[in-house]
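Down below is the structure, laid out as structure tokens.
Any read-out appearing in this document is the output of simple, stated calculations on the displayed coordinates, not a laboratory observation. All values reported here derive from a predicted model rather than from experimental measurement. Every residue, glycine as well, gets a Cβ built from its backbone with ideal geometry; the counts of neighbours run over all protein chains shown.
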């Protein structure tokens, strides 16, 4: 098993050699609503893990951690149209913001692919790149039940983040 300080228990017990894979069912909704402007902001993911490399000489390992929509959705989706899969898999991301006397409702599939290099000595993250995509739709709604809404517009959010440890 890959052993590093922060890994125990979280990365599962199946990552010993490059190519090993594990899947962690989490699916618990996480809120990012502030209650004022964003009245509902929730996403839920499972983790699909792959050990890519282990370099014993450098005492590093590289992991690919994919954040994927869970098979069983636990995101509170109000209106029927929001529950309909928009990107080919279950919607696992929803954001409802106040705008004027109505609401802007965005819904879709959110995924993250995180490639990280970690220290085998202490579990520290040495570098990481993250690709975060949200694909779905946005509608302007007149009611809090989100049943009186305009036509959908495409939603395509792409974030790319890189971090590295500086000595």
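Working from label points 7 Å from Cα in the Cα-to-Cβ sense, the residue 130 to residue 58 distance is 2.2 nm.
Reported to the nearest whole Å, the Cα centre-to-centre distance from region 40-80 to region 93-126 is 10. Going by a ≥ b ≥ c, the root eigenvalues of the Cα gyration tensor, does region 21-164 fall in the rounded group (a/c under 1.5), the prolate group (a/b larger than b/c) or the oblate group? Prolate, because a/c is 1.5 or more and a/b exceeds b/c.
Under the 0.36 nm per residue contour assumption, what length would be gained going from the current alpha-carbon distance of residue 163 and residue 39 to full extension?
The residue 163-residue 39 span can extend by a further 41.5 nm.
Extension gain for residue 21 to residue 84 (0.36 nm times residue separation, less C-alpha to C-alpha distance): 19.7 nm. Full extension of the chain segment joining residue 72 with residue 28 gains 14.9 nm, where the gain is 0.36 nm per residue of separation less the Cα-Cα distance. Comparing 35, 102, 136 in a Gaussian network model of the chain where C-alpha atoms under 10 Å apart are linked, the largest mean-square fluctuation is found at 35.
Among 135, 98, sorting on how many other beta-carbon atoms sit within 10 Å of each Cβ, with the fewest leading, yields 98, 135.
GNM on the chain, alpha-carbon springs under 10 angstrom: the most fluctuating residue among 71, 30, 58 is 58. Only Cα pairs under 8 Å and 6+ residues apart enter the sum, and on that basis the relative contact order of region 21-164 stands at 20 percent.
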